Amino acid sequence: MRSVSSLILLLCLVGSALAAGGLRLLAQRSPLAGAQYHALAELWPRLREGDALTLEREPANRHDGHAVRVLWRGRMLGYLPRAANFEAAAEMDAGSRLSARIGRLADDPDPWKRLRVDVFVDLTPLP
């Protein structure tokens, strides 16, 4: 009986989230790849955990046909890592709405450990 009441509660929470304007599902957490070649160092002092990021497909990328660029306020920070970008690229290509944010910032000399990208799938139906 407890599992039925838990399911009802979950459905009520999901319904409330949809009615309030949206439901997002965390789909992926990844380090930022290629940051040393883009604007991360220049923009570092202005970045904050929770800041919105923009994801853009780059299917013509000669190194990776599944490339997904990561931008902050229109400035290129890097990419989702090649080993972890296939699903995000496939979802974007299929028309799914993805969003992203800065999940973690760390002042680490290793560029792979400086910024974590949290990727979400927007489950809110379009009007």
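The values are calculated or read from the model by the stated rules, or taken from the named source; none is laboratory data. Quantities reported herein were computed from a predicted structural model and do not represent experimental measurements. Quick reminder, even Gly has a Cβ in these numbers, built from the backbone with ideal geometry, and neighbours come from all protein chains shown.
General remarks:
- Residue check for ARG104: over 25 Å from ALA60 (Cβ atoms) and crowded, with 16+ Cβ neighbours inside 10 Å: no
- For the range 27-50, residues that are among the small types (Gly, Ala, Ser) and outside any loop (DSSP other than H, G, I, E, B) total 5.
- Selection status of ALA67, out of contact with any strand residue (DSSP E or B) (no Cβ under 9 Å at 6 or more places or on another chain) and either modelled with pLDDT of 95 or more or under 19 Å from VAL121 (Cα atoms) (or both): no
- Complete set of residues in the range 79-127 that are more than 25 Å from GLY22 (Cα to Cα), assigned to a strand (DSSP E or B) and of a type in the set (A, V, I, L, M): LEU105, LEU115
- Contact annotation: residue pairs with Cβ atoms under 9 Å, 6 or more positions apart or on different chains, pairing a residue in the range 80-98 that is in contact (Cβ under 8 Å) with a residue 60 or more places away in the chain and within 12 Å of ASP122 (Cα to Cα) with a partner that is assigned to a loop (DSSP other than H, G, I, E, B) and not hydroxyl-bearing (Ser, Thr, Tyr), are GLU91/ARG97.
- Any chance ASP64 is surrounded by fewer than 16 Cβ atoms within 10 Å (Cβ to Cβ) and either in contact with a His (Cβ under 7 Å, 6 or more places away or on another chain) or among the acidic types (Asp, Glu) (or both): no
- Enumeration of residues in the range 84-125 that are hydroxyl-bearing (Ser, Thr, Tyr) and under 11 Å from the mean Cα position of the chain (by Cα): SER99
- Exactly one residue among ARG114, ARG75, ARG48 is touching a helix residue (DSSP H, G or I) at 6+ places or on another chain (Cβ under 7 Å) and surrounded by fewer than 17 Cβ atoms within 10 Å (Cβ to Cβ), and that residue is ARG75.
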